[in-house]
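The values are calculated or read from the model by the stated rules, or taken from the named source; none is laboratory data. If you're wondering where the values come from, they're calculated on a predicted model, not measured in any experiment. We place every Cβ from the backbone using ideal geometry, glycine too, and count neighbours over all the protein chains shown.
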Amino acid sequence: MPHLRPLQPPGWLPPKGYANGIAARIDPGSQLIFTGGQIGWNAEQRFESDDFIAQCRQTLLNVRAVLEAAGAGPEHMCRMNWYIIDRDEYHRRLRELGTVYREVMGKHYPAMACLEVSALMEARARVEIEVTAIVPAAS
């Protein structure tokens with residue numbers, strides 16, 4: 001049975017009714033990391049922008065912070081799911097999005113799904129991202 005540990009980046013307000021992430025130790029040196037759905041608000045749970053690209057940047061920074069709380073980084077990502085509210089804007093701004101992605105995550109491209117949804121739980125959210133990562137045992 002894996003040992004489960006909630007992930008809470010330093011300085012973040014605690015989430016209400018969910019975890020920002022969970023680290024699951026699967027053997028003495030390896031762990032699976034599951035981020036909760038991250039959105040484009042800051043550590044104080046406030047949106048600084050309603051712009052799609054700005055929210056994507058903040059969302060990716062939030063994902064990275066949850067990974068870092070488990071001792072992981074973008075290079076450990078194996079799965080990424082995006083939920084967006086405007087497919088047309090996603091396609092129209094794909095070049096900007098690619099630039100932001102590489103600035104925050106580098107050139108680490110996990111398996112990915114992207115779904116257009118009618119709304120997200122936070123009314124101002126334009127994107128939500130969840131990630132699964134694997135940190136292997138040290139060699």
request  = Go through the stretch 93-105 and count every residue that is among the basic types (Lys, Arg), surrounded by 12 or more Cβ atoms within 10 Å (Cβ to Cβ) and more than 16 Å from ASP50 (Cβ to Cβ).
outcome  = 1
query = more than 17 Å from THR35 (Cα to Cα) and exposed (fewer than 13 other Cβ atoms within 10 Å of the Cβ), is that true of ALA137?
reply = yes
key: Selection count, the stretch 46-62, where residues are touching a residue at least 60 places away in the same chain (Cβ under 8 Å) and touching a helix residue (DSSP H, G or I) at 6+ places or on another chain (Cβ under 8 Å)   = 4
query = Scanning the stretch 30-75 for residues that are of a type in the set (A, V, I, L, M) and touching a Phe, Trp or Tyr at 6+ places or on another chain (Cβ under 8 Å), which turns out nearest to TRP12 (Cα to Cα)?
reply = ALA43
ask   = Name the residues in the stretch 93-139 that are touching a Gly at 6+ places or on another chain (Cβ under 8 Å) and among the small types (Gly, Ala, Ser), would you?
value = ALA125, ALA137, ALA138
query = Is there a residue being under 20 Å from LEU7 (Cβ atoms) and modelled with pLDDT under 95 anywhere in the stretch 99-116?
reply = yes
note = Cβ pairs under 6 Å, 6+ apart or interchain, first in the stretch 106-126 and under 15 Å from TRP82 (Cβ atoms) and surrounded by fewer than 12 Cβ atoms within 10 Å (Cβ to Cβ), second at pLDDT 95 or above and among the basic types (Lys, Arg), ordered by first then second residue, are ALA111/ARG79
